[in-house]
Amino acid sequence: MNFTADRLLLFGATGDLAQRMLLPSLCALDHDGLLDPELKIVGTARSDMSDAEFRNFARAALEKYLSAGRRGGMADFLNRLSYQPLDATTIEGFDELAKKVGKPQKGLAIFLSTAPSLFEPTIAGLQSAGLAGANVRIGLEKPLGTSLETSEEINDAVASAFSEDRIFRIDHYLGKETVQNLLALRFANIMFEPIWNSNYIEHVQITVAETVGLESRVAYYDDSGALRDMVQNHMLQLLALVAMEPPTSFDSTAVRDEKVKVLRALRPVKDGETVTGQYRAGAIAGKSVPGYDEELGKDSDTETFVAIKAHVDNWRWNGVPFYLRTGKRLPERVTEVVIQFRPIPFSIFEGKGAKTQPNRLVIGIQPEENVHLSLMAKVPGLDREGIRLRPVPLDISMPDAFAGAVKRIAYERLLLDLIVGDQTLFVRRDEVEAQWEWIDGIRAEWTAEAQTPKTYAAGTWGPSAAIALAERDGVTWHDE
């Protein structure tokens, strides 16, 4: 729907996500003059607070999580805020919530960050209070189910009140600058697209590594595991952006049409193409850390690491493996995409004793945002034996290339797009269901093979079997 909302309703407004990401993002947008002057923000949650108490709560979150340089005009931002307590499990409180929201002149945007069990009663409550009309759009924070079946139940409940063009399913990775730069790298530069295929690319690696353990996500993570928590959404979205065909335009329909084609082309994973692991006690950055079971306080078979050899069965990617790897308590916090090109077909330098290495493109997403292209070059100087070659990096550091640019929180882009109604960086229902169908197939394979996680020491790159998964094909994980 083509309207800019003048009301924003935040469910879960006192939660961890709101404190760390949502309120700081909105304040930063206000600081930069990107919010409509008429926009009013209503927070709701179980906590019993007055407007003044919520503003004090928000002020404390901003002072803790938002840099001082982006808090200018914070008092004006806080004046946008109001609050209404709500128990979303009962329908009675929604009428009071509607009174608090008031009558939007342009439209209402809702950000729903609650437990999945509250989705259906919340949607019913919004409908009953007249907060699901044609001038209302809704943003849904993950998790959207734990399987294809449960995802369909949630999507059906939301679809009963909101049409697809008013549903914004959030994957915060799509709000990251370097993830969006994947599209710019591929489709704003003529040099890459002619070689972005199986004729020139040998394999692709996607790594999402975390150094942290469970932190505050104990209950959620043990029910989820690495496959559902990271692969089903973030990693498959990265894979889709790498592998998609050129869209006809940069709009929500064209971009998402191409992504879903990739997800539907994913080959079902076979036995021997996945490795799961669970960390044991070890050391991170020189400090001892406990194992997963110790942190959890009980024995568990939940995987904290997964590596997958995936294939996209279409003309462009036939025969090109995509190696996916994610885990907790790994040596580094890093998210990156590695495009490994094939060796040159013939080297004219072999007779001169010079060895060549295939080119490699590394796209760093976090913590550093950069693009690194490895090219072969002659080493300066004279050599009686002939010529010496070595890989030389062409580096683009985004902070250096765009010196002075503001480093934004990923949710700034997504919240702004929710308010103005741009769905390009949000996930469509058919994407979600294609992702879950592939993930459910992997879990079914694990069950059939009675596969349980292999152990790995915290501070290492996962089980040795994950190294073997790639090395069987002559591939080494990047920066292993």
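The values are calculated or read from the model by the stated rules, or taken from the named source; none is laboratory data. No experiment lies behind these values; they were computed from the predicted model shown. Neighbour counts run over all protein chains shown; Cβ positions are idealised from the backbone, glycine included. Side chains are part of the model used for accessible areas, which takes the heavy atoms of the whole protein and leaves out ligands, DNA and RNA. Shrake-Rupley method; radii C 1.70, N 1.55, O 1.52, S 1.80 Å.
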Non-local amide H neighbours of Ile110 (under 5 Å, H modeled in plane, Pro and chain starts lacking H): which ones?
Leu9, Arg137, Ile138, Gly139
Against the 2.2 N^0.38 Å rule of thumb, the C-alpha Rg of the chain sits at a ratio of 1.05
Any residue on another chain or 5+ positions along whose placed amide H is under 5 Å from the amide H of Arg388 is listed here as Val379
What number comes out for accessible area per residue over the chain if the probe is 1.4 Å? Units Å², please.
44
Which trypsin sites (Lys or Arg not before Pro) does region 415-480 hold that lie in a coil by DSSP with at most 13 other beta carbons within 10 Å?
Arg472
Could you name the aspartates and glutamates whose alpha carbon sits less than 14 Å from that of Lys378, not counting residues in the same chain fewer than 8 places away?
Glu350
I need the calculated FRET efficiency for the pair Ser117 and Gln357, taking r as the beta carbon distance and R₀ as 56 Å, to the nearest 0.05.
0.60
Partners for Lys270 among lysines (Cα-Cα distance below 30 Å; same-chain residues under 8 apart left out):
Lys142, Lys259, Lys261, Lys309, Lys328, Lys454
List every residue whose amide H lies under 5 Å from the amide H of Tyr323, counting only residues 5 or more places away in sequence or on a different chain, with H placed 1.01 Å from N in the peptide plane.
Val204, Gln205, Ile206, Ala310
Considering only protein heavy atoms and a probe of 1.4 Å, how much of the accessible area of the chain is carbon and sulfur, as a whole percent?
51
How large is the accessible surface of Lys261 in square angstrom, using a 1.4 angstrom probe and rounding to the nearest 10?
120
Ala265 neighbourhood, Cβ < 10 Å, K/R = +1, D/E = -1, net charge +3
Say a site is exposed when it is one of the chymotrypsin sites (Phe, Trp or Tyr not before Pro), sits in a DSSP loop, and has at most 13 other Cβ atoms within 10 Å; what is then the longest site-free stretch of the chain?
1-249
Restricting attention to region 1-77, which GluC sites (Glu not before Pro) occupy a DSSP loop and are surrounded by at most 12 other Cβ atoms within 10 Å?
none
Write down the percent of antiparallel bridges among all DSSP beta bridges whose residues are both part of the chain, to the nearest 5.
55
Taking region 308-356, which GluC sites (Glu not before Pro) meet the DSSP loop condition and have no more than 16 other C-beta atoms within 10 Å?
Glu332
When the helix-only estimate is applied to the chain (DSSP H runs of n ≥ 4, each -39,500 (n - 2.57), divided by the residue count), what is the mean residue ellipticity at 222 nm, nearest 500 deg cm²/dmol?
-9000 deg cm²/dmol
